[in-house]
Amino acid sequence: MVEQNRGKAVQTTGHAWDGDLQEFNNPLPRWWLWSFYATVIFAIIYWVWYPAWPIASSFTKGIGTVTYQSGGKEVTTHWNTRGELIEEMQRGSETLKQQAYLEKVAAASYDEIANDPEMSAFTQSMAKVLFADNCAACHGIGGTPAKIGQYPNLRDDAWLWGGEIVQIQHTIEAGRTGFMPAFGSVLGEDKIEQLANYVLSLSGHEVDATKADAGRAIFQGTEGGCHYCHTPSGKGLASQGAANLTDAIWTVADVPGASDDKARIQAVEAVIANGVQRQMPAWQGRLNDTEIKLLTAYVHSLGS
Amino acid sequence: MKLSHESIEINAGLMIVLTLIAISIGGLVEIVPLYYIKDTIEKVEGVRPYTPLEQRGRDIYIREGCYTCHSQMIRPFRDEDMRYGHYSLAAESKYDHPFQWGSKRTGPDLGRVGRKYSNAWHTQHLNNPRDVVPESIMPNYPWLLRNELDFSDIADRMRALKIVGVPYSESEEEYLANVEQFGVEMAEQFDINKADQSLITQAQSEDWDGDRSRLTEMDALVAYLQVLGTMVDFSKYDEGYFAEFR
């Protein structure tokens, strides 16, 4: 059963199973063998260059090094990925290119950024990425959230906590806690219905005039006390994050999505009855000052 | 019997034993030194065991297979640093059994997701991710809000973790050691004898799932997610400090 291989007699391993089943013992292909030797040589170079072998409570450090600035002085140590990262964050070619812009933006005022085409283009492109990584989970890609009722839309010019640069920056730095008490058990169904009629009348919706009148008394009086935060005109205090009730923009009750008058009333009633508790986390600490500045400029530009 | 090529080849049992030995050498050389190389775990303040509520949340995280799509290890690369924050330390998962590092990222890394989003966001997102992120491909987990949290065996779970080295306390002596290391407030939570009460207290302490009248699996999972990556205050350390451990 022994066959000829490339015209030469070949050896077998010498074992036979079932009487005549044998195995060739061909030499390994040359290309394969040399590749194998090459990997052995690669491994040896690797051991010499990089940290490799454990020895007692330490390990061979290799002769490769990495150099970076730490605590104001230059540190040169054996090669390691953490050192490499520090070096790249300090002296990498991409970092340095970005750094030049970041320093320029950090030193500039918001007006200067907005009026300088180069800085504002950089702000837009970098902030877009920061926004996608950090803000879009709630506010949606590009600043439009998935649904009305959860998180404020940043693409319109209505701002719960104020749309001035300094207010936006403070919102991002420190976060916000939005709170409206639940009036369900305090006022009862009838009064909440009256209030809902009044609230909808503020933005020009068709409502039951008698109920709206009764609602006005609750809103403007001490019983509901709504005017404390929403102000007597209904425009809302930015310091309390109180919504403007006189415009067509709804941040909690999905009034635009409601099919008829009754559904609109119900949407508003639900908010009054259950109250609102919303929280935006603080970003200071997670993002650095320049990143917050970029985001502030970007978010401000979305709304105008 | 001579240990020749032939004798190994025709003797399956012997071949298995020798194969195991050959493979083990590779594993042992890579793994064993990590236990005695002094730089493996960084010396860093703030890392603590999970509280009973967080621990139950972690069990649910594992039960639901979150790890099949989410890693919890930010690698020391510039792009990861810029997207997720500081790279993960070995010390940060020293009380994780098993660790949730992973390398499969169908979803984003969760190593520093703690306090990045609000509790309400997590609840909405776990219930139906598309309510908040329309382009998400994550499945819905609506039962987390429906299921009451079963914590009847929390003490046993903590005892099991204690065996593998998590410093939960049972005796007065262990409790006092925890007070020393983690402060009274945390040491109370790591006391196995008070596990039930600690769990309920923490569940009531914050509006995890938006309804304080019920203790659901959502409460536990959100409490766990909100602590991920938040234990170490990186502003206290120079950036070169952690590189010294490598």
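Projecting the Cα atoms of A:Thr81, B:Gln204, A:Gln277 onto the charge dipole of the protein assembly as shown (Cβ charges, centred on the Cα centre) puts A:Thr81 farthest toward the positive pole.
Excluding same-chain neighbours fewer than eight residues apart, the lysines reachable from B:Lys194 by a Cα-Cα span under 17 Å are B:Lys162. Remark on the protein assembly as shown: Rg and Dmax equal 31.5, 110 Å (Cα only). Positive-end ranking of B:Ala160, B:Phe234, B:His70 along the dipole of segment B:52-245, with charges on Cβ about the Cα centre, is headed by B:His70. The ratio of the alpha-carbon radius of gyration of chain B to the globular-protein estimate 2.2 N^0.38 Å is 1.22. A straight line joining the Cα centroids of segment B:209-246 and segment A:126-163 runs 24 Å.
What does the C-alpha gyration tensor say about the overall shape of segment A:75-213? Classify as rounded when a/c is under 1.5, otherwise prolate if a/b is larger than b/c, or oblate. Can you show the working numbers first?
On the way: a/c = 3.81, a/b = 2.49, b/c = 1.53.
Prolate is the answer for segment A:75-213, as a/c is 1.5 or above and a/b outweighs b/c.
Using only side-chain charges placed at the Cβ, +1 for Lys and Arg and -1 for Asp and Glu, the dipole size of segment A:177-280 relative to its Cα centre rounds to 360 debye.
Sort chain A into rounded, prolate or oblate with this rule: let a ≥ b ≥ c be the square roots of the eigenvalues of the Cα gyration tensor; rounded if a/c is under 1.5, and if a/c is not under 1.5, prolate when a/b is larger than b/c, oblate otherwise. Spell out each step's value before the answer.
Working: a/c = 3.80, a/b = 2.18, b/c = 1.74.
Prolate, because a/c is 1.5 or more and a/b exceeds b/c.
For A:Tyr37, the accessible area of its heavy atoms, probed at 1.4 Å with every protein chain present, is near 100 square angstrom.
In terms of its alpha-carbon gyration tensor, segment A:219-304 comes out prolate; a/c meets the 1.5 threshold, and the first ratio a/b outweighs b/c. For segment B:1-155, the Cβ-based charge dipole about the Cα centre amounts to some 280 debye (Lys, Arg positive; Asp, Glu negative; other atoms uncharged).
Distance from the Cα centroid of segment A:226-304 to that of segment B:10-63 is 49 Å (rounded to whole angstrom).
Taking 0.36 nm per residue of separation and subtracting the current Cα-Cα distance, fully stretching the chain between B:Ala177 and B:Tyr36 would add 48.4 nm. Taking every full run of DSSP H in chain B, the ones that stretch at least 27 Å from end to end by Cα along their long axis and average 0.0 or higher on the Kyte-Doolittle scale are B:12-36. Summed over both chains, the area buried between A and B is near 3600 Å², taken from the accessible surface of protein heavy atoms with a 1.4 Å probe. Relative contact order for chain A: 17 percent, from Cα pairs under 8 Å spaced at least 6 residues apart, divided by residue count. Length gained on full extension, A:Ser58 to A:Glu23, computed as 0.36 nm times the residue gap minus the Cα-Cα distance: 7.9 nm.
If contacts are Cα pairs under 8 angstrom and at least 6 residues apart, what is the relative contact order of segment A:177-280 in percent? Please list the in-between numbers first.
On the way: 155 pairs, mean separation 38.8, N = 104.
It comes to 37 percent, rounded to a whole number.
For B:Glu217, B:Glu239, B:Glu170, give the ranking by accessible area with the largest first, probe 1.4 Å. Provide the component values of the computation, followed by the final result.
Details: B:Glu217 15, B:Glu239 100, B:Glu170 70 Å².
Descending accessible area places them as B:Glu239, B:Glu170, B:Glu217.
Evaluate the relative contact order of segment B:52-245 (contact order divided by residue number), counting alpha-carbon pairs under 8 angstrom at least 6 apart; express in whole percent. Rounded, it is 31 percent for segment B:52-245.
Rounded to the nearest 10 square angstrom, B:Asp156 shows an accessible area of 90 square angstrom against a 1.4 Å probe.
The values are calculated or read from the model by the stated rules, or taken from the named source; none is laboratory data. Please read all numbers here as calculations on a predicted model, not as lab measurements. Glycine gets a Cβ as well: all are built from the backbone with ideal geometry, and neighbour counts include every protein chain shown. Note: areas computed on protein heavy atoms with side chains; ligands, DNA, RNA excluded. Shrake-Rupley method; radii C 1.70, N 1.55, O 1.52, S 1.80 Å.
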